[in-house]
Amino acid sequence: MKADLKLSSMCLGRMVVSGRFLLYDTTDSGDSGDIMDPVKIPKMPKVEYDSLIKRQNVSRIAFCAGGAPYIAPFMYVFDGKYLYFLSTKYGRKIEYFRSNPRISVEIEEYAPDLSSFTFVSLQGSLEEVQAPAQKKKVRELFVEMIKKRKLSMRVLSAFGHSPVDPPEAIVNEERSMVWKLVGVKDIVALKNG
């Protein structure tokens, strides 16, 4: 290892070990006091990541799937306290949810040129909502979100419905499961702009 470090140092200039980062200074500015530090993306306070969650409506969920994560996009609604998801009743996600409900949810927002971006990642578990009144309330939140944001009716296929169905079909017919994110153990929320 020392030989590798020495060789790298000779080939690339100064090498600085800083925490988990290996940083190389390949410039020959003559300033022997310059040490490169990693630029860290600033953390977001809760009020900012709650605002991000409210502005967006698509997330990615990483399921524990044997030897590798399985990631799928999910629309969600946020009631100010919990994230809720509708899931079709078929596909790999159902198998993974039933074998291990622990997940990671990621929500992001970025400028088209990536000059600014924010994201929040939440690690917790999915719980299937069973109470009929609560399921109805969550489904109504989805219908409200679809109408308010003027989303294409094609999104209905993500919930097991035809794009020719009215959005209210989500409430009137149970073609999807209602999941709730609970037991959040870790939140990482970062922004660069």
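Read-outs throughout are calculated quantities, based only on the coordinates presented, and are distinct from any laboratory measurement. On a predicted model such as this, the values are computed, not experimentally measured, just so you know. Every residue, glycine among them, receives a Cβ derived from its backbone with ideal geometry; neighbour counts consider all protein chains shown.
Residues that are assigned to a strand (DSSP E or B) and of a type in the set (V, I, T) were ranked within the range 148-190; the one that is farthest from N100 (Cα to Cα) is V188.
Filtering the range 65-95 to residues that are part of a loop (DSSP other than H, G, I, E, B) and surrounded by 14 or more Cβ atoms within 10 Å (Cβ to Cβ) leaves A65, Y82. Looking across the range 78-128, the residues that are under 14 Å from V182 (Cα atoms) and aliphatic (A, V, I, L, M) come down to L83, I103, V105, L122, L126. From the list S121, S157, the one residue that fits, being closer than 18 Å to E173 by Cβ and polar (S, T, N, Q), is S157. Residue-level check: of (1) farther than 18 Å from K148 by Cα; (2) of a type outside the set (S, T, Y); (3) in contact (Cβ under 8 Å) with a residue 60 or more places away in the chain, G67 misses just (3).
Filtering the range 113-140 to residues that are within 25 Å of K191 (Cα to Cα), over 18 Å from the mean Cα position of the chain (by Cα) and not charged (D, E, K, R) leaves only S115. Within the range 35-48, the presence of at least one residue that is in contact with a helix residue (DSSP H, G or I) (Cβ under 8 Å, 6 or more places away or on another chain) and not acidic (D, E) is confirmed. Criterion applied to S157, S125 was being touching a Gly at 6+ places or on another chain (Cβ under 8 Å) and of a type in the set (S, T, N, Q), and the one residue passing it is S125.
If you go through the range 96-136 and keep only what is outside any strand (DSSP E or B) and in contact with a Cys (Cβ under 7 Å, 6 or more places away or on another chain), you end up with Y96, N100. Condition check for R139 on (1) assigned to a strand (DSSP E or B); (2) touching a helix residue (DSSP H, G or I) at 6+ places or on another chain (Cβ under 9 Å); (3) crowded, with 17+ Cβ neighbours inside 10 Å: one failure, at (1).
Does G193 fit the bill of being part of a loop (DSSP other than H, G, I, E, B), within 18 Å of D50 (Cα to Cα) and in contact with a strand residue (DSSP E or B) (Cβ under 8 Å, 6 or more places away or on another chain)? For G193, the condition - part of a loop (DSSP other than H, G, I, E, B), within 18 Å of D50 (Cα to Cα) and in contact with a strand residue (DSSP E or B) (Cβ under 8 Å, 6 or more places away or on another chain) - is met.
Would you confirm, using the coordinates I've provided, whether K54 is surrounded by fewer than 18 Cβ atoms within 10 Å (Cβ to Cβ), part of a loop (DSSP other than H, G, I, E, B) and of a type in the set (K, R)? No, not satisfied.
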